[in-house]
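Taken together, the values in this text are just the output of simple stated rules run on the coordinates, not laboratory data. If you're wondering where the values come from, they're calculated on a predicted model, not measured in any experiment.
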Amino acid sequence: MALNFDEFQKVVETAQQAEAVKVDLKRVLKKVTSALEGLQAALGEMETVMADDYMPAGRKPRKPRAAKTETDGAQSGAPRKPGRPKKSAA
């Protein structure tokens with residue numbers, strides 16, 4: 001009985017390719033599983049919002065900002081910029 005190393009090498013290569021395919025399939029399965037979990041979470045939130053007894057959370061009333069005065073050192077509403085001040089004509 002003679003050993004045929006070409007056939008043996010083909011079997012080993014096929015097994016290695018199958019292992020690589022298995023790793024790829026596991027990676028894809030993890031991605032699909034995480035996407036499915038995200039979809040289920042989104043559906044749960046949608047179900048909550050679409051419920052008849054849903055009441056959205058109340059917002060705090062908006063407070064207007066205090067008006068700036070000209071004595072703050074800033075020019076009429078322009079914010080101060082960091083850096084070197086402009087040269088003034090003396």
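Going by alpha carbons, how many degrees (0 to 90, nearest 10) lie between the helix axis of 5-50 and the longest principal axis of the chain? Helix 5-50 sits at roughly 40 degrees to that axis.
Within the chain, count lysine pairs with alpha carbon atoms under 22 angstrom apart where the residues are 8 or more positions apart or belong to different chains.
Working: 10/22; 22/30; 22/31; 68/81.
For the chain, the number of qualifying lysine pairs is 4.
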